[in-house]
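The values are calculated or read from the model by the stated rules, or taken from the named source; none is laboratory data. All values reported here derive from a predicted model rather than from experimental measurement. Note that each Cβ is placed from the backbone with ideal geometry, even for glycine, and that neighbours are counted across all protein chains shown. Ligands, DNA and RNA are stripped out before the accessible areas are found, and what is left, the full protein with its side chains, is counted by its heavy atoms. Shrake-Rupley method; radii C 1.70, N 1.55, O 1.52, S 1.80 Å.
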Amino acid sequence: MSYADKIFIDMCRNIIENGTSTEGEKVRPVWEDGTSAYTIKKFGVVNRYDLSEEFPALTLRRTAIKSCVDEMLWIWQKKSNNVNELKSHIWDSWADETGSIGKAYGYQMGVKHQYREGMMDQTDRVIYDLKNNPYSRRIMTNIYVHQDLHEMNLYPCAYSMTFNVTKEKDSDKLTLNGILNQRSQDVLTANNWNVCQYAVLLHILAQVCGMKAGEFVHVIADAHIYDRHVPMIEELISREPLPAPTLWLNPEVKDFYEFTPDDVRLDNYETHPQIKDIPVAV
């Protein structure tokens, strides 16, 4: 049984049974028909995944691994804020007529800062430190930049990664661990999407830097299920989990900037049917 399924089922049950409702409160999101989109929420959800044991893709329904990797690379590798450079259309609602989402996500990853080693953006700084200062406690990124919020069409949800390297006992092999901080998450539409994205990122960075992937910790400040999603979640978590898939990364790729979605694959990925026609609050 996939451990990621167990984490997801337990989290959803906890939110539904012990969460608090925002019904009747002043909320920002609305449904397509203009009515307020209320949620059931839990504060401070923390989920841990051991990437050395299995890849954390849900089997309760399929996660489109190439699409979520494409989006992750759009942010971390292309450092783009234009939806025309992204294959999926999930960001289209927040884009202007040119395709820009403003100074958000990939834009912030590509902003160069002055370091003692020279000018580097956030992606390059992470890779530099993992290769040259692996035991540094300062290897992190942040795209929630307050001075630019007014120029973002959407405030970042997953906004910070912190990387930490450990050494295996009785070995010189290094393990790369990471913590993703997320201010807000729509559990049905985005939870496993984000988990898979950043699990792949850890695996890619580990391969690039001569390490192996270890623990991935996902911290969600506001984990919520929208009111119209509750019946879908109930049906989803009633399904029987299947065995976890195996991640394949192209072993020939050693440069972070050469990875493409085609270099990532899930083998033996058996899933239950997809949940269709999920309404999305904007």
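GNM remark for the chain: springs join alpha carbons under 10 Å apart, and the peak mean-square fluctuation among 28, 125, 62 falls on 28.
By the equivalent-ellipsoid construction on the alpha carbon gyration tensor, region 1-84 comes out with semi-axes of 27, 23, 12 Å, ordered largest to smallest.
Just the number, please: Stokes-Einstein D of region 50-118 in µm²/s, Kirkwood Rh from C-alpha pairs, 10 °C, 1.306 mPa s. Answer, rounded: 113 µm²/s. With a Förster radius of 35 Å applied to the beta-carbon distance between residue 252 and residue 117, the computed FRET efficiency rounds to 0.80.
Cα centroids of region 110-153 and region 230-247: 36 Å apart.
Can you send over the carbon and sulfur percentage of the accessible area for the chain, probe radius 1.4 Å, protein chains only? Ligands and nucleic acids excluded, carbon and sulfur reach 48 percent.
With semi-axes defined as the square roots of five times the eigenvalues of the C-alpha gyration tensor, the equivalent ellipsoid of region 207-263 measures 34, 16, 13 Å, largest first. Remark: spin-label model distance residue 172-residue 89 equals 5.3 nm, labels positioned 7 Å along the Cα→Cβ axis.
What the Cβ-Cβ distance of residue 23 and residue 221 gives, at R0 = 30 Å and to the nearest 0.05, is a FRET efficiency of 0.90. Leaving out same-chain residues fewer than 8 places away, which lysines sit with a Cα under 19 Å from that of residue 87? Hits, sequence-local ones excluded: 66, 78, 79. Once the Cα-Cα distance is subtracted from the 0.36 nm per residue extended length, the residue 98 to residue 260 segment shows a gain of 55.9 nm.
Shown in residue order for region 145-158 are the 3J(HN,Hα) couplings computed by the Karplus curve 6.51 cos²θ - 1.76 cosθ + 1.60 at θ = phi - 60°: 9, 4, 5, 10, 4, 5, 10, 9, 6, 8, 5, x, 8, 7 Hz (x for Gly and Pro). Projecting label points 7 angstrom from Cα along Cα→Cβ for residue 275 and residue 10 puts them 2.0 nm apart. Only DSSP H runs of four or more residues enter the estimate; each adds -39500 (n - 2.57), and after division by the residues of the chain the mean residue ellipticity at 222 nm equals -8000 deg cm²/dmol. Only Cα sites of region 126-192 enter the Debye sum here, all with the same form factor; the resulting log10 I(q)/I(0) across q = 0.17, 0.18, 0.27 1/Å is -0.76, -0.80, -1.13, listed in q order.
At q = 0.07, 0.12, 0.17 Å⁻¹ the log10 of I(q)/I(0) for the chain amounts to -0.26, -0.79, -1.58, computed by Debye summation with a single uniform scatterer per C-alpha, solvent ignored.
Heavy-atom accessible surface of region 1-144, averaged per residue, reaches 54 Å², computed with a 1.4 Å probe.
Between residue 30 and residue 146, the contour length at 0.36 nm per residue exceeds the alpha carbon distance by 39.3 nm.
Helices in the chain that qualify as membrane-span-like (whole DSSP H runs, Cα extent of at least 18 Å along the helix axis, mean Kyte-Doolittle hydropathy of -0.5 or higher) are 3-18, 187-208.
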